[in-house]
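All of the numbers you see were taken from the coordinates with simple rules; none came from a lab. No experiment lies behind these values; they were computed from the predicted model shown. Counting neighbours? That spans all protein chains shown, and the Cβs are built from the backbone with ideal geometry, glycine included.
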Amino acid sequence: MVLLALPLAGCAKTGSSPAIALSEPSSSAQPIQLIVVVTNDLPSPVAGTIPRVVDAVLARELSDRLGSPGVLVSVEQAMPPDRVPVAGALLIHCSVTRLRVGNQALRMTVGFGAGRFNIVTRTSVVDLRRASVADLVSFQSHSTTGSMPGSGLGLAFAAGSGQVIGMVGGGAGLLLDARQTASERARQVADSVSGQLRAYFQTKGWTGLSNPPPANSALSGGAALAPPRPFSTS
């Protein structure tokens, strides 16, 4: 398994690697269904609720960002059995391959990368429209908290909750706990993944899938989404 090397310096970082093209779609017609599956494939278990938070946010955000009029987007809890063909459908499989929860206290007090939070995923697009199911493209994405100095203002520990709460952003007054950090990083990964997917869909002429839902629509969740970035393969 190849993991992205993330630099230590600078602000929070999110991005996707160049995609690896594996095969051509079975049809030039635009798919009418996207099946989103998020799986946790960490080499060793991560304790606590953070992995479940990351998986849930990724599934929800990818579904919202990939929604398009006339295209059904569904979220499944597990991979389809034996990759069974599904008429008109693509499978979007986002696998969490690395999750470093880090230390919230160190992020807030020390900074400079100490205790940083890190997510790495691998996303594959699988063509389910033919009898011989095939992977079309694959790429990695990542998001990490930054390495700026911590606030140094100390921490308040929520009584009886076991959750660390502190000042972040150089004393800007923003309060975040570990679950909020996980949710925000997962949202950033979902945005990067969906941008790479829309760019791929654009290269295939699937215009209904390559454009993000309009801002304030039910499909976009009311947020303005970025247009597709240029698609690149390694």
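Laid out as a table, the results:
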read-out: Amide proton proximity set for VAL75, modelled H, under 5 Å, gap of 5+; value: VAL36
read-out: For ALA19, residues with placed amide H under 5 Å, excluding near neighbours; value: SER232, THR233, SER234
read-out: Per-peptide average of other Cβ atoms within 10 Å, ordering 124-130, 72-78 highest first; value: 124-130, 72-78
read-out: In Hz, Karplus ³J(HN,Hα) per residue of the stretch 17-29 (6.51, -1.76, 1.60; θ = phi - 60°; x = Gly, Pro); value: 7, x, 7, 9, 7, 10, 6, 8, x, 6, 8, 7, 5
read-out: Other-chain or far-sequence residues with amide H under 5 Å of ARG116's (modelled H); value: ASN103
read-out: Per-peptide average of other Cβ atoms within 10 Å, ordering 84-90, 192-198 highest first; value: 192-198, 84-90
